[in-house]
Amino acid sequence: MVKKLTCHCKEVELEVKEPEGGFNKFLRCNCTLCERKGYIMTFAPITDVKILKGKDKLSLYQYHTNVAEHYFCSICGIYTHHKMRSKPDVFGLNSGCIEGLNSLELQNVSVNDGQNHPLDQKK
């Protein structure tokens, strides 16, 4: 099944192919950025996500290693998705932006220890 993902003002619209069995992995992260955003993310392969509208309205934010790509609507400011640095073939998606998914009702939301990201650990 295909779901729409939109920002608040609906100027940015993505299409995401829902995994078989539905979205079932939900995560909060305690990294400095995610902790401040306070959202719950779910995931999809980049190949299963298409920007339908508003690519020109997306702003990019990068920090620290400048590898992860965090996208948000330049009009309403809502974070929609990000390209992960640990899994560059996967998008993290703002679950609150996915149609038909109520992020306030999600159960079993894991917490990722982004403050101790494995790619930041000294070898």
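The values are calculated or read from the model by the stated rules, or taken from the named source; none is laboratory data. Treat the numbers as computed from the prediction; the structure is a model and nothing was measured. Neighbour counts run over all protein chains shown; Cβ positions are idealised from the backbone, glycine included.
Numbers for the structure displayed
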| quantity | calculated |
| --- | --- |
| Output for the stretch 72-107, where each listed residue is surrounded by fewer than 16 Cβ atoms within 10 Å (Cβ to Cβ) and part of a strand (DSSP E or B) | none |
| The stretch 40-56 residues that are more than 13 Å from His82 (Cα to Cα), paired with ones that are not in a strand (DSSP E or B) (beta carbon under 6 Å, 6 or more apart) | Gly54/Glu11; Gly54/Val12 |
| Residues of the stretch 60-71 classified as at pLDDT below 95 and either out of contact with any strand residue (DSSP E or B) (no Cβ under 9 Å at 6 or more places or on another chain) or not in a loop (DSSP other than H, G, I, E, B) (or both), total | 3 |
| Whichever residue in the stretch 30-50 is in a strand (DSSP E or B) and touching a Phe, Trp or Tyr at 6+ places or on another chain (Cβ under 9 Å) and, among such residues, is farthest from Asn102 (Cα to Cα) | Pro45 |
| Residue in the stretch 38-49 that is surrounded by 14 or more Cβ atoms within 10 Å (Cβ to Cβ), over 14 Å from Glu15 (Cα atoms), among the hydrophobic types (A, V, I, L, M, F, W, C) and out of contact with any Ser or Thr (no Cβ under 7 Å at 6 or more places or on another chain) present | no |
